[in-house]
Amino acid sequence: MAVCKPKIRGSSKLKLGDWVLGTGSQALEKSSGRRRLRNKLIYAMKVTERISFEDYWTDKRFQYKKPVMNGTLVTMFGDNFYHKDENGNWIQEDSAHAKIDGSCNSEHLKTDTSGENVLISQHFYYFGDKAPTIPNELIGICHSGIGEKKFEDEKVGDDFINWVNTNFKTGIHGDPLNWQEYNQLSLF
């Protein structure tokens with residue numbers, strides 16, 4: 001997780017081993033043009049490492065995450081595009097967060113880099129457009145609006161993680177919700 005959820009990525013309260021979840025919301029339904037996303041699990045990740053943007057940029061493990069703007073959808077939407085120059089100034093490479101002409105989008109740069117960290121997970125689930133419905137007894141994990149929510153009841157969190165681990169294999173199960181519009185464009 002490199003460019004979304006800057007508050008979570010920058011939180012001093014987040015520890016290795018904590019879980020970060022993304023669930024469907026009214027805002028997501030509007031932005032993706034999809035209905036019935038509320039109470040769906042978009043992603044879940046157990047934080048196994050926290051590194052700086054600079055380390056993310058240079059680490060050999062994450063070179064494949066650098067965007068290739070004339071590549072496939074997967075390579076175009078890589079999230080490894082921030083690093084600093086020799087004077088310590090941020091560089092935003094051409095990416096989905098840059099302006100259409102590839103130049104720096106200072107609004108995205110400011111928001112994205114405010115998180116300070118990149119969160120790495122070796123134990124994650126990404127469902128995207130194949131998001132499963134969260135069982136009624138676990139709906140308490142869902143946040144009612146935009147933002148983050150910490151489990152007040154550890155049992156609900158433990159039950160939720162058990163449900164995910166028991167019912168799904170780790171890894172990527174679907175495409176991002178907004179890719180549907182790109183796939184439709186490629187048909188013409």
Inset, instruction - Give just the number: which of (1) buried (at least 19 other Cβ atoms within 10 Å of the Cβ); (2) closer than 18 Å to Asn178 by Cβ does Asn80 not satisfy? - result: (2)
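Could you pull out the residue among Lys66, Lys60, Lys40 that is surrounded by 12 or more Cβ atoms within 10 Å (Cβ to Cβ) and modelled with pLDDT of 95 or more? Don't jump to the end; show me each part of the working.
Numbers: Lys60 fails: surrounded by 12 or more Cβ atoms within 10 Å (Cβ to Cβ); Lys40 fails: modelled with pLDDT of 95 or more.
From the options Lys66, Lys60, Lys40, the qualifying one is Lys66.
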Inset, instruction - May I ask you to list pairs of residues, at least six apart or on different chains, whose Cβ atoms are under 6 Å apart, with the first in the range 168-184 being over 12 Å from Lys130 (Cα atoms) and the second being at pLDDT below 70 and surrounded by 15 or more Cβ atoms within 10 Å (Cβ to Cβ)? - result: Asn178/Ser32
Inset, instruction - Name, by its number, the condition in (1) within 22 Å of Ser12 (Cα to Cα); (2) in contact with a Gly (Cβ under 6 Å, 6 or more places away or on another chain); (3) at pLDDT 95 or above that does not hold for Leu119. - result: (2)
Inset, instruction - Take the range 43-76 and flag every residue that is in contact (Cβ under 8 Å) with a residue 12 or more places away in the chain and of a type in the set (S, T, N, Q). - result: Thr48, Ser52, Thr58, Gln63
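Can you go through Leu21, Leu16 and tell me which one is hydrophobic (A, V, I, L, M, F, W, C) and in contact (Cβ under 8 Å) with a residue 40 or more places away in the chain?
Working: Leu16 fails: in contact (Cβ under 8 Å) with a residue 40 or more places away in the chain.
Criteria check complete, one pass: Leu21.
Do the conditions hold for Ile134, that is, is it in the same structural domain as Thr23 (by TED's automatic domain parsing), at pLDDT 90 or above, touching a Cys at 6+ places or on another chain (Cβ under 8 Å) and not basic (Lys, Arg)?
Values: in the same structural domain as Thr23 (by TED's automatic domain parsing): yes; at pLDDT 90 or above: yes; touching a Cys at 6+ places or on another chain (Cβ under 8 Å): yes; not basic (Lys, Arg): yes.
The answer is yes for Ile134.
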Inset, instruction - Could you figure out which of (1) crowded, with 16+ Cβ neighbours inside 10 Å; (2) at pLDDT 95 or above isn't true of Asn89? - result: (1)
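Take Val156 and tell me if it is at pLDDT below 85 and over 29 Å from Phe53 (Cα atoms). Break it down stepwise before answering.
Details: at pLDDT below 85: yes; over 29 Å from Phe53 (Cα atoms): yes.
So Val156 fits the description; yes.
The values are calculated or read from the model by the stated rules, or taken from the named source; none is laboratory data. Quick caveat, the model's predicted, so the values are computed rather than measured. Heads up, the Cβs are rebuilt from the backbone with ideal geometry, glycines too, and the neighbour counts pull from every protein chain shown.
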